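Quick notes on the structure that follows.
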Amino acid sequence: MAASYATSPGRTSVSSQARLFSVTSASAPSTPLPSERIKINFEDGSTRSKRHRSKAPIDRAGPISYLLFLWISPLVSLGYKRPLVDDDMPPVGQRDESTGLCRDLEREWHKQLQLEKPSLFRACFAVFGKWYILLTTISYAANIGIALAQPFFLGYLIEYFTERESQRDTYLLAMGFVLLGFTRALVYHMGYFVGQRSLGMQLRTGLTALIHKKVLQLSHSALLKVTTGHVINLVSTDVQKFDDCMHGVGLYF
């Protein structure tokens with residue numbers, strides 16, 4: 001379709017933009033380590049490497065590795081030894097792949113089109129709303145609960161210096177005070193900085209994939225009404241607002 005409109009300057013930009021989106025979305029999900037690349041022999045006799053889809057490190061990470069970000073340690077260690085290149089980047093996690101995100105959003109959007117007043121917000125909420133509410137509730141409930149408990153532990157520690165209570169109890173209170181601070185940082189940052197920001201990125205990726213898919217399916221008459229600036233504005237500005245809203249709510253707490 002893109003080749004058939006190459007003779008028209010106005011249509012060329014739209015076609016080029018569609019091809020650009022196609023290349024970006026197709027190559028972004030799978031970028032494995034050099035050891036996971038395979039050689040392909042082409043008809044012209046040249047040999048090039050092709051990325052082989054492997055499981056992402058974050059998908060292989062266990063609970064402890066995920067909470068403490070140990071799954072990214074090999075990449076950090078490699079970057080410490082030498083500058084990183086594109087081939088060093090691991091593949092994207094399965095939950096972050098544009099194919100699945102686009103499929104889920106498209107399914108919910110088709111459901112909305114059957115209603116009298118379709119809503120993109122309801123379609124996005126059906127895909128990401130439950131996880132967003134769960135992460136927000138857990139992270140802020142833990143943050144508020146621990147923030148209220150820490151002054152009590154601190155008060156008991158102060159009483160040790162005034163009333164000289166048991167030294168053993170004081171050590172336990174000190175350990176509890178430190179563990180509360182560690183737990184607060186772990187739960188809150190995992191729920192907000194990792195959970196909500198990841199959902200925002202997934203929402204932005206899914207909407208961008210939907211726009212890309214729609215551009216490729218536009219008819220000849222529809223292409224005449226679409227400009228390159230409009231498509232770029234949708235992807236770079238409008239979609240980014242959804243990402244900002246997902247984690248921007250946490251700034252008010």
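Report yes if residue 104 is at pLDDT below 90 and open to solvent by less than 60 Å² (accessible area, probe 1.4 Å), otherwise no.
Judged against the criteria, residue 104 is not a match.
When the range 211-224 is examined, which residues are found to be hydrophobic (A, V, I, L, M, F, W, C) and surrounded by 20 or more Cβ atoms within 10 Å (Cβ to Cβ)?
Listed by number, the list holds a single entry, 215.
Restricting attention to the range 174-232, report how many residues are modelled with pLDDT under 85 and in a loop (DSSP other than H, G, I, E, B).
Counting residues in the range 174-232 that are modelled with pLDDT under 85 and in a loop (DSSP other than H, G, I, E, B) gives 6.
Name the single residue that is nearest to the chain's Cα centre (by Cα) among those in the range 195-210 being crowded, with 16+ Cβ neighbours inside 10 Å and of a type in the set (A, V, I, L, M, F, W, C).
Top of the filtered list is 199.
Can you pull out the residues in the range 80-98 that are surrounded by 12 or more Cβ atoms within 10 Å (Cβ to Cβ) and either closer than 16 Å to residue 56 by Cβ or aromatic (Phe, Trp, Tyr) (or both)? Step through it out loud before you land on a result.
Taking the range 80-98 as the starting set, the residues that turn out to be surrounded by 12 or more Cβ atoms within 10 Å (Cβ to Cβ) are 84, 87-98.
If the condition is that a residue be surrounded by 12 or more Cβ atoms within 10 Å (Cβ to Cβ) and either closer than 16 Å to residue 56 by Cβ or aromatic (Phe, Trp, Tyr) (or both), then 87, 88, 89, 90, 91, 92, 93, 94, 95, 96, 97, 98 are the ones that fit.
Identify all residues within the range 130-140 that are open to solvent by less than 90 Å² (accessible area, probe 1.4 Å), closer than 22 Å to residue 107 by Cα and more than 15 Å from the chain's Cα centre (by Cα); write none if there are none. Walk me through how you get there before you give the answer.
Within the range 130-140, the subset open to solvent by less than 90 Å² (accessible area, probe 1.4 Å) is 132-137, 139-140.
This time we only want the ones that are closer than 22 Å to residue 107 by Cα, so: 132-133.
133 - this is the single residue of the range 130-140 that is open to solvent by less than 90 Å² (accessible area, probe 1.4 Å), closer than 22 Å to residue 107 by Cα and more than 15 Å from the chain's Cα centre (by Cα).
Condition check ((1) under 23 Å from residue 193 (Cα atoms); (2) aromatic (Phe, Trp, Tyr); (3) part of a helix (DSSP H, G or I)) across all residues:
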residue: 66; (1), (2), (3): yes, yes, yes
residue: 76; (1), (2), (3): yes, no, yes
residue: 80; (1), (2), (3): no, yes, yes
residue: 84; (1), (2), (3): no, no, no
residue: 87; (1), (2), (3): no, no, yes
residue: 95; (1), (2), (3): yes, no, yes
residue: 100; (1), (2), (3): yes, no, yes
residue: 108; (1), (2), (3): no, no, yes
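Looking at (1) under 14 Å from residue 143 (Cα atoms); (2) open to solvent by 40 Å² or more (accessible area, probe 1.4 Å); (3) more than 18 Å from the chain's Cα centre (by Cα), which one does residue 167 not meet, given that it meets all the others?
Exception for residue 167: condition (1).
The values are calculated or read from the model by the stated rules, or taken from the named source; none is laboratory data. These numbers were taken from a predicted model, which means no experiment stands behind them. Heads up, the Cβs are rebuilt from the backbone with ideal geometry, glycines too, and the neighbour counts pull from every protein chain shown. Accessible surface areas use protein heavy atoms only, side chains included; no ligands, DNA or RNA. Shrake-Rupley method; radii C 1.70, N 1.55, O 1.52, S 1.80 Å.
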